[in-house]
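Chemist: Quick one: the structure is below, and I'll ask about it shortly.
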Amino acid sequence: MPPPVPPLPPGTGTGTEDAPPAGSTGPAPPAPRTARGGRRRDPAADRAILESALGLLGDGCSYGALSMDLVAQRAGVARATVYRRWRNKEELVLAALSSLDVPVTPSQGLPLRDRLVDLVDQIRHRGQDTNLHRLLAGLLGEAVHRPQLVERYEDTAVAARRDAMRQVLRDGLDSGELRPGLDVDQAIELLTGPMLARLILRQRPVESAAFAEAIVDTFLDGTRSRPAPR
């Protein structure tokens, strides 16, 4: 379960953003406005809403049963506060899952094998969060009924990681280390699939980088344009 949300400052993210503070007899002071004239979003409310969505899903609430009302109630904000940030449940869930992602660590300057091992092993590090395992497994369970949800998750949270691996593979093609004609998108599936299956589908931990090394070495055995130097 995600860590508890820290107490919010008085008058922010409480579901009464347009109401006067407790104990006040006059109207609430006008909220800060952005350069475009709109009300500035409260980061504390954003955080509370996202963590509430993650908490509900992590506690076993299915995607179908999840609602904006439930999220608002758990976060302690008004329903309108949620809708001001996300138009619907799908966008909210995607934002919540994306908030758990970590930046892709660059690996320029390393040999091809080391760059691929680093990227595959980053999936392992990201997957150490068992709560994330459950959430992603639940998302995959929705794929039959809502394939667009999984597609949008791949286009948002997963895109940067896939782009990084695509660049490494293209560098390997350009340098002549990988055989010409290699299908880069299929190669990405071959490299990421075993780690994701182990972490998410089988819910089994991966203790070290050895599994990532085995995946990459098996892949390179079949895709190098020339034998690896001994």
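Chemist: Quick one: count up the residues across region 68-97 that are open to solvent by less than 40 Å² (accessible area, probe 1.4 Å) and either among the polar types (S, T, N, Q) or within 22 Å of ARG124 (Cα to Cα) (or both).
Modeler: 5
Chemist: Report whether or not PRO2 is modelled with pLDDT under 90 and open to solvent by 30 Å² or more (accessible area, probe 1.4 Å).
Modeler: The answer is no for PRO2.
Chemist: Turning to a different aspect of this structure: May I ask you to say which residue of LEU57, LEU70, LEU92 is aliphatic (A, V, I, L, M), within 19 Å of VAL158 (Cα to Cα) and assigned to a helix (DSSP H, G or I)? Even if it seems obvious, please write down each step before you answer.
Modeler: Working: LEU57 fails: within 19 Å of VAL158 (Cα to Cα); LEU70 fails: within 19 Å of VAL158 (Cα to Cα).
Exactly one residue qualifies, and that residue is LEU92.
Chemist: Continuing with this model, one more query. Select, from ARG166, ARG152, ARG198, ARG224, the only residue that is surrounded by 14 or more Cβ atoms within 10 Å (Cβ to Cβ), touching a Phe, Trp or Tyr at 6+ places or on another chain (Cβ under 9 Å) and among the charged types (D, E, K, R).
Modeler: The unique qualifying residue is ARG198.
Chemist: If I filter region 178-207 down to residues being under 20 Å from ARG161 (Cα atoms) and part of a loop (DSSP other than H, G, I, E, B), which single residue comes out as farthest from the chain's Cα centre (by Cα)?
Modeler: LEU182
The values are calculated or read from the model by the stated rules, or taken from the named source; none is laboratory data. Everything numeric here is computed off the predicted structure, so don't read it as measured data. All Cβ positions, glycine included, derive from the backbone under ideal geometry; neighbour counts span all protein chains shown. Heads up: the accessible areas ignore ligands, DNA and RNA and are worked out on the full protein's heavy atoms, side chains in. Shrake-Rupley method; radii C 1.70, N 1.55, O 1.52, S 1.80 Å.
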